[in-house]
Amino acid sequence: MMLRRTLFVVLVHLACLMLIVWIIFPIYWMITVSLKTSKEVFNPDYLVTNPSLESYVIVLTQGYFRVMYFWRQLLNSVYVAALTVLFTLLVSIPAGYALSRLRFRGQTAVSTLTLGTYIFPYAFLSIPYFILMTMLNMLNTHISVIIAQTIFVSPYAIWLIWEYSRNIPIEIDESALIDGAGRVTIFFRMFLPLSLPAIAAVGAYAFLFSWNQYLYPFMLLSSETDLTLPVAMGFFLVSDEAPWNIFMATATIYSVPPIIFYYLFKRYLIAGLAAAAVKR
Amino acid sequence: MSYKQTNFLGLAFSLPFLIIFAAFVVYPLLYSALVVSSGDYLSRVMSDPLFWRSLTNTLIYVALAVNIKMFLALVLSGLLTFTQFRIVKVMSYLYLLPWAVPIIAGVLSYRWMLQKEWGIVNKFLSDIGLQPVNWLGSYEGAMAALVSFHVWKWTPLWTLTFYAARQGIDPSLYEAAKIDGASMLKEFLYITWPQLKYLYIFNTMLSTIWVIGEFDIPYLLTRGDPGETTHLLSTLGFRYAFVLLRIREGLSLYLLVIPVLLIFIILLLRLFGGRR
């Protein structure tokens, strides 16, 4: 019994150790290579012996042609993400309220449509969307990217708010109605403030979604000064030259905001997923 | 009182979503269907050997990536419940990182790790006495890289759902099993699995739908290379449209996949919609 217990403890530790190495290594390697100088890049050592911030300085001062518009493109990413968050909130909060608190004809259709859109892999909508944007003369505009992202984020956002508001007692609405408040007043005065945690989760989710998007901005934007940073980073891969330390520094910088966001909003993101998982 | 019909308000509040959905999804889809049906683009796609190759690749990729990932997520979520070990505590802080790191950043790191001459993976292989592998320069190597990146990136998300579901299992069941002297395998088979199996099937179906449509990972990691052999349907359609500039063929390839996906989605909602 003692032996089996020891064996079990050893196995768990071994499995965890292997998993941790596997999980961490690509991130560790990204940071390690970013701390090398251009001369050391081609020397694959597991550890970086004398870390240098050279590549970060090059990226932040835009001192290499692939990162010539670094700040501009970073700002584009922030701008597109911020507006995606705003639009998503405008679309999803009222719809979430309608689905959870109101009874109306077509409600089932709306909720099925929301879930269906959430599940649908949006890559297959890209070419039709591209054609529409061509017809509307909206190529090379940030708004075209923002609209597309809003559509793909909203279903999960609606669902999160809908799900969360189940925990807000319906009696609050009922007593407000008895006191003569209208539905719209209830929405602004009670539903909004009480749903703040869900709204924060939706905002974080929309931000992360937009921050990570590649396909739509890649397809819709072409001017170098309009690109979001992931699209610009995609072009690193077709580069003949390979200053991988600079590429990795860019990648590391771009990964920092989502990691911070994730740790800040972890509780909310997990709560949404947990609700989803336990429900089934 | 709360069941009073509020038809007008309900629709009004849902309207912003319905409008953008109709204008930017339904309308372009109908228009595209019209465009495609006006020519024999579909038969041109079907006669391209690369289409059949990409279809096979997609099936291989989905089968491997989804199943390996889901199994690993189930195991990892189980490991995370042994919280009395410090290493598990460490892992519980770290395991969501791949999920938080943007795909493009992860891919950049992977590409350099897998580089044939200077990559750390081949250095490690030669350090332990194995032959280096031409990862991204061979069909098998590139497909393996795709699957392994997908598993690395997406296991955390599914682990989270299993972990959350495990928290919902009544702990007294395990206590009773302990008193009866049940082995861990028995605990899993008779307590854990029956409570997790619907979630496991649901996750597998949902993930299958998503991975059929995955674009970023295959496009950024291999872009069809070497020699256009590793295309998936999503990247092939994109190549038709934006590299070969035959946008209608790309369109018809995508429109060919959409009905199949819709069948899967309806099946999924039918099977699990009632469980909500």
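The values are calculated or read from the model by the stated rules, or taken from the named source; none is laboratory data. In this text, all values refer to a predicted model and were calculated from it rather than measured experimentally. All Cβ positions, glycine included, derive from the backbone under ideal geometry; neighbour counts span all protein chains shown. Calculation scope for accessible area: heavy atoms of the full protein, side chains included, ligands and nucleic acids excluded. Shrake-Rupley method; radii C 1.70, N 1.55, O 1.52, S 1.80 Å.
A compact table of results
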{"quantity": "Protein-only accessible surface order, largest first, of A:H142, A:H13 at 1.4 Å", "calculated": "A:H13, A:H142"}
{"quantity": "Exposure of A:V91 as accessible area (Å², to 10), given a probe of 1.4 Å and all protein chains", "calculated": "10"}
{"quantity": "Exposure of B:S38 as accessible area (Å², to 10), given a probe of 1.4 Å and all protein chains", "calculated": "90"}
{"quantity": "Prolate/oblate/rounded call for chain B, Cα gyration tensor, a/c under 1.5 rounded", "calculated": "oblate"}
{"quantity": "For A:R103, distant residues with modelled amide H under 5 Å away", "calculated": "B:T6"}
{"quantity": "Gyration tensor verdict on chain A (Cα atoms; rounded if a/c is under 1.5, prolate if a/b is larger than b/c, oblate otherwise)", "calculated": "oblate"}
{"quantity": "Dipole of chain A, positive direction: furthest Cα of A:I131, A:Y214, A:S165, with charges on the beta-carbon", "calculated": "A:S165"}
{"quantity": "Cα-based shape type of the range B:110-198, given that a ≥ b ≥ c are square roots of the gyration tensor eigenvalues and the cut on a/c is 1.5", "calculated": "prolate"}
{"quantity": "Cβ-defined net charge surrounding A:V145, 15 Å radius [Lys, Arg +1; Asp, Glu -1]", "calculated": "-2"}
{"quantity": "Spherically averaged projected area in nm², based on the convex hull that wraps the Cα atoms of the range B:59-154", "calculated": "7.4"}
{"quantity": "The range A:1-57: chymotrypsin sites (Phe, Trp or Tyr not before Pro) falling in loop per DSSP and having at most 16 other Cβ within 10 Å", "calculated": "A:F42, A:Y46"}
{"quantity": "Interface area, A with B, accessible, probe 1.4 Å, both sides summed, Å² nearest 100", "calculated": "9500"}
{"quantity": "Where B:R44, A:R66 fall by accessible area, highest first, once all protein chains stay in place (1.4 Å)", "calculated": "B:R44, A:R66"}
{"quantity": "Size of charge dipole - the range B:210-264 - debye, nearest 20, with Cβ of Lys, Arg +1 and Asp, Glu -1, no other charges", "calculated": "180"}
{"quantity": "For A:100-112, mean number of other protein chain Cβ atoms within 10 Å", "calculated": "5"}
{"quantity": "Alpha-carbon centroids, the range A:99-139 and the range A:215-232: separation in whole Å", "calculated": "23"}
{"quantity": "Total charge dipole magnitude, the range B:72-215, about the Cα centre, Cβ charges on Lys, Arg, Asp, Glu only, Debye to nearest 20", "calculated": "200"}
{"quantity": "Taking the range B:46-179 and dividing mean pair separation by its residue count, relative contact order in percent (alpha carbons under 8 Å, at least six apart)", "calculated": "32"}
{"quantity": "Spatial extent of the range B:1-65: Rg and Dmax, with the Cα atoms as the point set, Å", "calculated": "21.0, 62"}
{"quantity": "Drop in accessible area of at least 20 Å² in the complex versus isolated chain, residues of the range B:238-271, 1.4 Å probe", "calculated": "B:F238, B:F242, B:I247, B:L251, B:Y254, B:I258, B:L261, B:I265, B:L269"}
{"quantity": "Sites A:L196 and A:V256 - FRET efficiency at Förster radius 30 Å, r taken between beta-carbons, to 0.05", "calculated": "0.70"}
{"quantity": "Out-of-range pairs (alpha-carbon distance over 31 Å; input A:K36/B:K153; B:K69/B:K123; A:K266/B:K116; B:K89/B:K153; B:K89/B:K186; A:K39/B:K89)", "calculated": "A:K266/B:K116; A:K39/B:K89"}
{"quantity": "Solvent exposure, largest accessible area first (probe 1.4 Å, DNA, RNA and ligands not counted), of B:K153, B:K123, B:K197, A:K39", "calculated": "A:K39, B:K197, B:K123, B:K153"}
{"quantity": "Spherically averaged projected area of the protein assembly as shown from its Cα convex hull (nm²)", "calculated": "28.8"}
{"quantity": "Whole-Hz couplings from phi, Karplus 6.51/-1.76/1.60, listed for the range B:254-269; x for Gly and Pro", "calculated": "5, 5, 5, 7, 4, x, 4, 5, 4, 4, 4, 5, 5, 4, 4, 5"}
{"quantity": "Computed accessible area, B:S32, all protein chains, 1.4 angstrom probe, square angstrom", "calculated": "0"}
{"quantity": "Mean ellipticity per residue at 222 nm, deg cm²/dmol - from DSSP H runs of n ≥ 4 across chain B, formula -39500 (n - 2.57)", "calculated": "-23000 deg cm²/dmol"}
{"quantity": "Spatial separation of Cα centroids for the range B:53-97 and the range B:28-42, in angstrom", "calculated": "40"}
{"quantity": "FRET efficiency, A:L139 to B:L271 (Cβ-Cβ, R0 35 Å, nearest 0.05)", "calculated": "0.30"}
{"quantity": "For chain A, built as a Gaussian network whose Cα springs stay under 10 Å, the top-fluctuating residue of A:D45, A:D179, A:D226", "calculated": "A:D179"}
{"quantity": "Per-residue ³J(HN,Hα) for the range A:17-27, Karplus 6.51 cos²θ - 1.76 cosθ + 1.60, θ = phi - 60°, Hz, x for Gly and Pro", "calculated": "4, 4, 5, 5, 4, 5, 5, 7, 4, x, 6"}
{"quantity": "Cα centre as origin, Lys/Arg/Asp/Glu Cβ charges: the protein assembly as shown dipole, Debye", "calculated": "1180"}
